[in-house]
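Enquirer: Mind looking over this structure? Questions follow.
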Amino acid sequence: MLVTIVVPCHGQAHFLREALESALAQTYSHIEIVVVDDAAPDGALAEAISGEFGVRFLRTPRTVGPGPARNTAIAATAGTYVLPLDADDIIAPDFVERAVAILVGAPELGVVYCDTQGFGPDGGCTWEPPTGWTVRDLIAGNRLPNSSLYRRACWEHAGGYPTDLFLCEDWDFWVRIARAGWGFTRIPEYLYFKRHHDANLTHQIHVRYGAYARQIRFRHRGAVGADRVVAFDTHAASSGSR
């Protein structure tokens, strides 16, 4: 089954080679990679690098943000599974293969996430996302990284990524998937590596996080079935909710 790796790029073209190298190094061979230039000043460089690697390149007519940029790529592709990968981040060679194997064996699950290792000039923190959380927990705060592999059906059921959030769009997307009844599971290993630098959106989130968090919590207030557990240990995936 085909996996679409979506790489939105806006101002990170100088990191893009490393991201594409990690995507092309996957032990799972049935993949397609799409780079989306979000109308960035360094778009020509992103296009040139994409050409070097022989991957598909798309461009948005104006800057729309990472969520709509991902929507553009997903709508233009046909992968059964989708993995978002920011242009300045890296994934381990076996992440896609292991995540796909889990979803193939557990039809009630929609999303597979993993632990995150930060890296950069000053090092980086680690993040070991929890399991056992409910829809309400996810509404209260994001529980998983944006580079998590999910079924295309999840994207369809969620209505795609939100188009009105320039930051935290992945958090809102995960909530919508959970509310649609899909389960989540974690691979408890560091398979996703997030680069820390002043220009990335994660740094900007710390400045504007509060406003976006309030918006997400408000729009999902009163969610039906909010106390339903949706995140399971990998070994217990068969007990999922769907």
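No lab work stands behind these numbers, since they all come straight from the coordinates. Worth saying up front: this structure is predicted, and the values here are computed from it rather than measured. Cβ atoms come from the backbone with ideal geometry, glycine included; neighbour counts cover every protein chain shown.
Enquirer: At R0 = 45 Å, how high is the FRET efficiency between Val104 and Arg208 if r is their beta carbon distance? Nearest 0.05 is fine. If you can, show how the numbers build up before the last one.
Expert: On the way: r = 38 Å, r/R0 = 0.85.
My answer for the efficiency is 0.70.
Enquirer: If one takes the longest principal axis of the Cα atoms in the chain, at what angle in degrees, from 0 to 90 and to the nearest 10, does the Cα axis of helix 43-53 lie?
Expert: The angle comes out near 90 degrees.
Enquirer: Work through the residues other than Tyr28 whose Cβ is under 11 Å from its Cβ and net out their charges, Lys, Arg +1 and Asp, Glu -1.
Expert: That sum, taken over residues with Cβ under 11 Å, equals -1.
Enquirer: May I ask for the angle, rounded to the nearest 10°, between helix 201-219 and the longest principal axis of the chain, with both axes built from Cα atoms and the value confined to 0 to 90°?
Expert: Rounded to the nearest ten degrees, it is 40.
Enquirer: Under a point spin-label approximation (7 Å from Cα along Cα-to-Cβ), what is the Thr163-His196 distance to one decimal in nm?
Expert: Placing both labels 7 Å beyond Cα along the Cβ direction yields 3.6 nm.
Enquirer: Taking θ = phi - 60°, what integer Hz values does the Karplus form 6.51 cos²θ - 1.76 cosθ + 1.60 yield along region 77-90, in sequence order, with x for Gly and Pro?
Expert: Each residue of region 77-90 in turn: 10, 9, x, 5, 10, 10, 10, x, 9, 5, 5, 10, 10, 9 Hz.
Enquirer: What is the distance, in nm, between label points placed 7 Å from the Cα along the Cα-to-Cβ direction at Met1 and at Gln215?
Expert: Placing both labels 7 Å along Cα→Cβ, they lie 3.3 nm apart.
Enquirer: Specify the angular offset, from 0 to 90 degrees and rounded to the nearest 10, of the alpha carbon long axis of helix 66-75 from the longest principal axis of the alpha carbons in the chain.
Expert: 90 degrees
Enquirer: A further question on this structure: Over the chain, what is the relative contact order in percent, taking alpha-carbon pairs closer than 8 angstrom and at least six residues apart?
Expert: Computed over the chain, the figure is 23 percent.
Enquirer: Another question, if that's okay. Putting +1 on Lys and Arg Cβ atoms and -1 on Asp and Glu Cβ atoms, find which of Ala87, Ala211, Ile33 reaches farthest to the positive end of the dipole of region 3-230.
Expert: Ala211
Enquirer: In addition: Treat every Asp and Glu Cβ in region 27-134 as -1 and every Lys and Arg Cβ as +1, leave all other atoms uncharged, and give the resulting dipole magnitude about the Cα centre to the nearest 20 debye.
Expert: It works out to roughly 400 debye.
Enquirer: Within 12 Å, Cβ to Cβ, of Asp164, how many net charges do the neighbouring residues add up to if Lys/Arg are +1 and Asp/Glu are -1? Walk me through the numbers before you get to the answer.
Expert: Details: positive: Arg219; negative: Glu169, Asp172.
Overall, the nearby charge balance is -1.
Enquirer: For a Förster distance of 41 Å, can you work out the FRET efficiency between the beta-carbons of Asp94 and Arg59, rounded to the nearest 0.05? Could the numbers behind the result be given before it?
Expert: Values: r = 31 Å, r/R0 = 0.76.
After rounding to 0.05, the efficiency reads 0.85.
Enquirer: Could I ask something else about it? In sequence order, what are the phi-derived ³J(HN,Hα) couplings for region 146-158 according to the Karplus relation 6.51 cos²θ - 1.76 cosθ + 1.60 with θ = phi - 60°, rounded to whole Hz, with x for glycine and proline?
Expert: Result, rounded to whole Hz: 5, 7, 10, 8, 9, 6, 4, 4, 5, 4, 5, 5, 7.
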